[in-house]
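Have a look at the structure below before the remarks.
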Amino acid sequence: LQAQLRGDTAKARLLFDYANTLSRRDLQVQLWTIEDAIARGDIPRTLHEYDVALRTSKAAPDLLFPVLSGAISEGEVRRNLVKTLAKRPQWANDFVSYVANAGVDPKSVISLFVDLHRSRVTVPADDERAAITRLIQVNETLSAWNYYSKLRRSPDRRSSRDPQFAMHLEAPTPFD
């Protein structure tokens, strides 16, 4: 029975690969391909298929962003996702904004943002502010400060950064 199931899966994989060859725009085919890559534990392939689906389907973000954002707490997923986002796909900014503002674990969001900065991927100031604010809201003030201090030059927790209230920041955080 297992041999037959493996044979059926292999046959299905061939058919879905052929369907992908005919058109990369069929979301159902993309979803099956994603599920197949997940089942095989192939994270790079999974993220490649996510990328294809997100580039070719307007409905894909609503389906895939919640799942992908839930997986950023996994180090290997996050590392591979950063590689994908470093290529600047058209959906990257929407995803970054989604994780910054959704109910995703804020510490995982900060880990993603730190990794993105290391890869020289710009995180919009509004999204950084949202992530810092969410950390503060869940009583992770030290984590929020640690991230904030990487974004700003030489902040000092003991004094105001702008005692004259002269700075005009695009997206001030609670620490500003």
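Determine whether SER108 is open to solvent by 40 Å² or more (accessible area, probe 1.4 Å), in contact with a Ser or Thr (Cβ under 7 Å, 6 or more places away or on another chain) and of a type outside the set (Lys, Arg). Spell out how you get there, then give the answer.
On the way: open to solvent by 40 Å² or more (accessible area, probe 1.4 Å): no; in contact with a Ser or Thr (Cβ under 7 Å, 6 or more places away or on another chain): yes; of a type outside the set (Lys, Arg): yes.
No.
Please determine whether any residue of segment 64-73 is in contact with a Ser or Thr (Cβ under 7 Å, 6 or more places away or on another chain), modelled with pLDDT of 90 or more and under 27 Å from GLU140 (Cβ atoms). Show your work before the answer.
Residues of segment 64-73 that are in contact with a Ser or Thr (Cβ under 7 Å, 6 or more places away or on another chain), as a first pass: 72-73.
Checking which are modelled with pLDDT of 90 or more leaves us with 72-73.
Within this subset, residues satisfying the condition of being under 27 Å from GLU140 (Cβ atoms) are 72-73.
Yes, that holds for at least one residue.
Tally the residues that are within 18 Å of LEU31 (Cβ to Cβ), of a type in the set (Gly, Ala, Ser) and open to solvent by less than 40 Å² (accessible area, probe 1.4 Å), restricting the search to segment 55-103.
Matching residues across segment 55-103 total 4.
Cβ-Cβ distance below 7 Å, separation of 6 or more or different chains: which pairs start in segment 130-154 with a residue that is on the phi > 0 side of the Ramachandran plot and end on one that is open to solvent by less than 50 Å² (accessible area, probe 1.4 Å) and assigned to a loop (DSSP other than H, G, I, E, B)?
none
Scan segment 35-89 residue by residue and report those that are over 14 Å from the mean Cα position of the chain (by Cα) and hydroxyl-bearing (Ser, Thr, Tyr).
Selection gives THR56, SER57.
Going through ASP162, ASP156, ASP127 one at a time, which residue ends up being modelled with pLDDT of 90 or more and either within 26 Å of LEU81 (Cα to Cα) or loosely packed, with under 13 Cβ neighbours inside 10 Å (or both)?
Details: ASP162 fails: modelled with pLDDT of 90 or more; ASP156 fails: modelled with pLDDT of 90 or more.
Criteria check complete, one pass: ASP127.
The values are calculated or read from the model by the stated rules, or taken from the named source; none is laboratory data. Model, not experiment: these values are computed from the prediction. With ideal geometry, Cβ positions are generated from the backbone for all residues, glycine too; neighbour counts draw on all protein chains shown. Ligands, DNA and RNA are stripped out before the accessible areas are found, and what is left, the full protein with its side chains, is counted by its heavy atoms. Shrake-Rupley method; radii C 1.70, N 1.55, O 1.52, S 1.80 Å.
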